[in-house]
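Have a look at the structure below, then the notes.
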Amino acid sequence: MSEIPFVLLAFFVLGSYVQTITGFAFGLVVMSAAALFSLVSLEVAAFSVSVLSLLNCVTGLAGGLWRQANTKILFAFFLSSIPATVFGVYLLGSLDDDALHWLQLMLGLTIILACGMSLLKPKKNESHSPSWAFFLCGGFAGILGGLFATAGPPISYLMYRQPVSLNVIRASLLGIFVFSCLSRIGITTLAGQVTMEMIWLSALGLPCVFITTLLAKRYPPNVSPEVIKRVAMVLLLLSGVSLALKAIF
């Protein structure tokens with residue numbers, strides 16, 4: 001097992017804090033840091049993000065919120081996202097070191113796209129999007145989830161366009177994230193790609209995420225979540241651009 005870069009734990013804390021305050025961005029923070037500073041391989045970072053995101057999402061669904069999830073949306077999404085996740089995990093595991101710059105470029109572009117979508121305020125649709133829209137979104141999100149454990153941006157953007165309450169959106173998204181994380185962890189395990197480094201990093205990250213989440217909820221900042229979100233998105237956007245440029249040059 002290679003040495004665990006403990007500086008990555010600081011990014012677990014930062015990502016958890018932003019996630020707790022704004023509701024998203026944990027995976028983007030950790031994956032961008034791991035790739036930009038070459039802290040661990042993308043495979044190791046993605047597995048740890050899946051495990052730690054699962055903890056956040058399960059905690060968020062506690063208290064009966066899960067009952068408000070739209071099961072029709074979840075079914076259409078997972079019908080395409082599960083096979084797409086398999087493809088993403090396979091693609092990540094099959095690429096050799098010579099293709100690292102391509103992976104970094106793809107991750108950088110993914111971060112840029114995710115930040116752009118997050119900074120935009122989706123306009124509500126007058127009617128529900130058809131099931132095929134969630135099916136197509138599931139395929140795109142599944143590939144991103146399999147590659148980088150960042151399946152959230154596409155489905156989040158689509159969900160916030162739906163003419164439903166925020167509780168339904170939040171419950172549906174958390175339900176999607178839970179099953180997405182479980183799917184990726186299960187696929188990676190069945191493929192025999194789980195290493196001791198992945199297990200150790202995830203184990204070390206669990207208390208970081210748990211304690212940070214509790215503290216952020218108990219002692220929220222005086223700054224509004226929207227301000228924190230925009231600052232985080234600008235910094236992530238810069239990291240995505242830097243990562244893309246690093247891959248190119």
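The values are calculated or read from the model by the stated rules, or taken from the named source; none is laboratory data. Keep in mind that this is a model prediction, so the values were computed, not measured. Heads up, the Cβs are rebuilt from the backbone with ideal geometry, glycines too, and the neighbour counts pull from every protein chain shown. Just the protein is used for accessible areas: all its heavy atoms, side chains included, with ligands, DNA and RNA removed. Shrake-Rupley method; radii C 1.70, N 1.55, O 1.52, S 1.80 Å.
Considering the options V168, T195, F179, tell which one lies farthest towards the positive end of the dipole of segment 164-237, charges being +1 on Lys and Arg and -1 on Asp and Glu at the Cβ, about the Cα centre.
V168
With a sphere of radius 14 Å drawn around the Cβ of A171, what net charge do the other residues whose Cβ falls strictly inside it have (Lys, Arg +1; Asp, Glu -1)?
+3
First obtain the Kirkwood hydrodynamic radius of the chain from its Cα pairs, then insert it into the Stokes-Einstein equation at 10 °C and 1.306 mPa s, and state the resulting D in µm² per second as a whole number. Walk me through the numbers before you get to the answer.
On the way: Rh = 18.1 Å.
Approximately 88 µm²/s, per Stokes-Einstein.
Holding the Cα-Cα limit at 25 Å, pick out from K123/K217; K123/K229; K124/K229; K72/K124 the pairs that are longer than that.
Too far apart for the 25 Å limit: K123/K217.
Based on the Cβ-Cβ distance from F6 to L120, what FRET efficiency comes out when R0 is 41 Å, to the nearest 0.05?
Given R0 = 41 Å and the Cβ-Cβ separation, E is 0.70.
Could you give the length gained on full extension between V58 and W200, defined as 0.36 nm per residue of separation minus the Cα-Cα distance, in nm?
Full-extension gain reported as 49.0 nm.
Can you pull out the chymotrypsin sites (Phe, Trp or Tyr not before Pro) in segment 1-80 that DSSP calls coil and that have at most 14 other Cβ atoms within 10 Å?
Taking segment 1-80 and a limit of 14 other Cβ atoms within 10 Å, the loop chymotrypsin sites (Phe, Trp or Tyr not before Pro) found are F6, F37.
Just tell me the longest site-free run in the chain, where the sites are GluC sites (Glu not before Pro) in a DSSP loop having at most 13 other beta-carbon atoms within 10 Å. Display every interim value, and only then the final one.
On the way: sites that count: E3, E126.
The segment 127-249 is the longest one with no such site.
Cut-off 18 Å, label point 7 angstrom out along Cα-to-Cβ of A99: give me the residues of segment 186-218 whose amide nitrogen falls inside.
Label zone hits: 188, 191-194.
Normalising by the residue count of segment 1-127, find the relative contact order in percent from Cα pairs under 8 Å and 6+ residues apart.
Relative contact order, segment 1-127: 18 percent.
Please identify the DSSP H helices in the chain that span no less than 27 Å along the helix axis (Cα) and have a mean Kyte-Doolittle hydropathy of 0.0 or more.
The answer, listed by residue number, is 42-61, 71-94, 100-119, 166-190, 196-218, 225-248.
Ordering S180, S127, S41 by accessible area with a probe of 1.4 Å, largest first, what comes out?
S127, S41, S180
Using helices alone, I'd like the mean residue ellipticity at 222 nm for the chain: each DSSP H run of four-plus residues gives -39500 (n - 2.57), total over residue count, nearest 500.
It comes out at -26000 deg cm²/dmol, rounded to the nearest 500.
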